[in-house]
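*Asks:* Pasting in a structure now, in structure tokens, and then I'll have a few things to ask.
The values are calculated or read from the model by the stated rules, or taken from the named source; none is laboratory data. Because the structure is a prediction, the values reported are computed rather than measured. As a convention, Cβ positions derive from the backbone with ideal geometry for all residues, glycine included, and neighbour counts pool all protein chains shown. Protein only, heavy atoms only, side chains kept; ligands, DNA and RNA dropped before computing areas. Shrake-Rupley method; radii C 1.70, N 1.55, O 1.52, S 1.80 Å.
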Amino acid sequence: MSTPNCFVGQVRPSQLLWTYGPGALIDLPNLSVITMGLDYWKRERCTPIKEARLLNEVRRVIGPQVQELLMPPIQKEEMVDFHSAEAFVGVPVKPFPRWLRCVKCGLLAEYDSGLFEIKENLYRPEQTHFVHKNCQHGKNIEAVPARFLIACSHGHIDDFPWRWFVHGGPSDCTGTLHFFERGASLQTENLWVKCDGCGAARSLVHAFGKEGQENLPRCRGRHPHLSKFDECEEVPRAILLGATNGWFPVTLSVLAIPTEDNSIAQLVTDGWDYFNDCESEIELKVVLKTLTKTHALPGIENWDPAVVWKAIEEKKACAGEPVVIKSDDVKIPEWNVLIAPNPPKDWPHFMSTPTPVPRKFADKISNVLLLNRLRKVNALVGYTRIEAANEFAAPDEQVPRAPLAKKAPTWIPACEVHGEGIFIRFDEDALKKWENLPGVKQRDTMLKAGHNGWRIAHNLTPDVGYPGIRYVLLHTIAHLIIREFSLECGYNAASIQERIYASNDSDNPMAGILLYTAASDSDGTLGGLVDLGKANELGRIMELAFRRAEICSSDPLCAQHDPADDRSLHAAACHACAFVAETSCEAGNKFLDRALVVNTFDCDTAAFFTIGDR
């Protein structure tokens, strides 16, 4: 991670998708920077990721001009010469906000005003910082970023308009500004900014709420990561540096599943970058030796070079044929592979083992599949500010997605993570019988009312985007098991993620959950999750999870919660019983109701499982 002039810190490649992507602020220990757009990245330093299904979905969202998915540029760990050009390989950033504050005298000014100077530390980049050169309290006093910004829901972000704010509008006054505190606490009413030229002063409490709409100018449409301005008529909102609503990623993800008819064809497809330039079987043998030694393509060492060469020739023969993705829903091909009579058992990125269904739940679960190896590929397609994108909103109701580049990008940043998982498929007949229960229909009506009320409160059309009672049931089951898994294996709850397969489509109904770990570091491969999917362990864990769900420490309030009362998107669910980390949930802890899973204090007519009878 670097500015055009110096190296300022490090983040993980996966963080450039989920936390610090283009347009996001990175609050370092001594300065704050913004990640620049894709136009400023060194594309030749990025490693391609091959995943046809995800690329197809990215093209549907971003446009057909997208050619490839690339990993962010990574600096070599062994690089030690900080004065070489290699030292600046990374993702470019620039200081933002532009306004700095002296920690001693409170001077408030832009970093390029000539009053501040950057002190670079090549060998300890986290200590790079700005100083106030001629402070009255001493030389080179530390200067820190001003903690206030303005942003709007169209993805724009800008420096806080300090001069406008202190003068109550446009002013010709050019006096220096000082930031000071008045009072013992650091509440906003005790934070003040003052103009030394005219003596005007104002508390920051007037920058928030309804007063903020009157005391702040219109949005300038600024995209500092792209060095450009758009037309925008939104009223901006004051936010704090580091606030969670400053940047929400919009991502797409797929599980890497077999797309070829046999395993050698799949291996050649996955490793095509290695094989594409091979002109003979002799050249191929050299490549295979390297791949075997580096383990860059697991499984290729089990094949004879002649067989591999034949597969390469077959692929080259049909290289001009376009890749056809048959479904717009990226989950349907995954579902078809997961429920196949003979699922892939030893593919490069997908190794599965069928296992018996827990005896206690044999009437509700049709099959369980242990995924000893899986690969998930994620792509960043944009971001939002102030409000996160809603997966269940209609296309024309989505929060405006801010761009990653000045023009339509031809590539998109992506990352791949490896892990393990457990797939549980629920019995379709049992689900249909449950869906027809009067108590379930009543809960469905209640959840729909809360959903419609929430949409009306957000100025959205009601009766759109409700995922259905089947999804709510499966989603809640996934959350309850995740919470129990985190107590049983080496993973923390935030490392276990969910993927819900729910559909009432008569041609291809889906009813399953995939609980998996997919982390970019060793936390994704601890190996403890698959063991918990075996029949005896899974049955025990599910029973424990469901028994805990019968009583919540917030009952009776939690059990009696009616989403229609407060226009919320969940019924009997809260942080004490069913919510999980935001990184684990695909729906932001929405559409949950444990009364659909087990009997609760308030409802005993809608439970899919009856634990007391077992």
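*Asks:* Tell me the angle of helix 281-294 to the major Cα principal axis of the chain, expressed in degrees between 0 and 90 and rounded to the nearest ten.
*Replies:* Orientation of helix 281-294: about 70 degrees from the principal axis.
*Asks:* If you average the sequence gap of Cα pairs under 8 Å that are 6 or more apart and divide by the length of the range 111-212, what percent do you get for the contact order? Provide the component values of the computation, followed by the final result.
*Replies:* Values: 133 pairs, mean separation 14.0, N = 102.
About 14 percent, as a whole number.
*Asks:* Take the residue pairs 210/331; 285/345; 194/228; 50/119; 289/376 and return only those whose Cα atoms are more than 32 Å apart. Walk me through the numbers on the way to the answer.
*Replies:* Values: 210/331 43 Å; 285/345 26 Å; 194/228 30 Å; 50/119 41 Å; 289/376 27 Å.
Result: 210/331; 50/119 exceed 32 Å.
*Asks:* Rank these residues by their accessible area, most exposed first, probe 1.4 Å: 575, 479, 561, 154.
*Replies:* Details: 575 145, 479 0, 561 40, 154 75 Å².
Sorted by accessible area, descending: 575, 154, 561, 479.
*Asks:* Follow-up question, since we're still on this one. Please report, in Å, the Rg and the Dmax of the chain, where both are computed over Cα atoms only.
*Replies:* Answer for the chain, Rg first and Dmax second: 27.6, 84 Å.
*Asks:* Loop sites only, by DSSP: take the GluC sites (Glu not before Pro) in the chain that have at most 10 other C-beta atoms within 10 Å and name the longest stretch containing none of them.
*Replies:* Within the chain, the longest run free of exposed GluC sites (Glu not before Pro) spans 280-614.
*Asks:* Once you put a point 7 Å from the Cα of residue 464 and another 7 Å from the Cα of residue 586, both along the Cβ direction, what distance in nm separates them?
*Replies:* 2.3 nm
*Asks:* Where only protein heavy atoms count, and the probe is 1.4 Å, what is the accessible area per residue for the range 145-225 in Å²? Don't jump to the answer; show the numbers that get you there.
*Replies:* Values: 3830 Å² over 81 residues.
In whole numbers, the range 145-225 has 47 Å² accessible per residue.
*Asks:* Another question, then. To the nearest 10 degrees, how steep is helix 305-317 against the longest Cα principal axis of the chain, on a 0 to 90 scale?
*Replies:* So the helix axis and the longest Cα principal axis differ by about 70 degrees.
*Asks:* Suppose only helical runs count, i.e. DSSP H with n ≥ 4. What mean residue ellipticity at 222 nm does that imply for the chain under -39500 (n - 2.57) per run, divided by all residues and rounded to the nearest 500 deg cm²/dmol? Each step should come with its number before you reach the end.
*Replies:* Working: 14 runs with 143 residues, N = 614.
Theoretical 222 nm ellipticity from helices: -7000 deg cm²/dmol.
*Asks:* Starting from the Cα of residue 173, step 7 Å along the direction of its Cβ; do the same at residue 407; then give the gap between the two resulting points in nm.
*Replies:* Distance between label points: 4.6 nm.
*Asks:* Going by amide H atoms built from the backbone, whose H comes under 5 Å of the H on residue 197, apart from near neighbours?
*Replies:* 175, 176
*Asks:* If you don't mind, another one. Using a simple spin-label model with points 7 Å from Cα along the Cα→Cβ vector, what separation in nm is obtained for residue 136 and residue 67?
*Replies:* Calculated label separation equals 5.9 nm.
*Asks:* Ignoring any ligand, DNA or RNA, what whole percent of the accessible area of the chain comes from carbon and sulfur when the probe is 1.4 angstrom? Mind showing how you got there, number by number?
*Replies:* Values: 14010 of 28440 Å².
Summing carbon and sulfur atoms, their accessible area is 49 percent of the total for the chain.
*Asks:* Once the Cβ-Cβ distance between residue 553 and residue 310 is put in as r, and R0 is 60 Å, what FRET efficiency do you end up with, to the nearest 0.05?
*Replies:* Using R0 = 60 Å, I get an efficiency of 0.45.
*Asks:* On the principal axes of its Cα set, how long, how wide and how thick is the range 123-202? Give whole Å, largest value first.
*Replies:* 44, 37, 31
*Asks:* Provide the packing ranking of 204-210, 34-40, i.e. peptides ordered by the mean count of other C-beta atoms within 10 Å per residue, highest first.
*Replies:* Packing order, densest peptide first, comes out as 34-40, 204-210.
*Asks:* How much length would be gained if the chain were fully extended between residue 119 and residue 456, taking 0.36 nm per residue of separation minus their Cα-Cα distance, in nm to one decimal? Walk me through the numbers on the way to the answer.
*Replies:* Working: separation 337, 0.36 × 337 = 121.32 nm, distance 5.19 nm.
Extra length available between residue 119 and residue 456 comes to 116.1 nm.
*Asks:* What is the sum of charges around residue 114, taking Lys and Arg as +1, Asp and Glu as -1, for the other residues whose C-beta is under 14 Å from the C-beta of residue 114? The partial results should precede the final answer.
*Replies:* Values: positive: 98, 133; negative: 110, 112, 117.
Value of the local net charge: -1.
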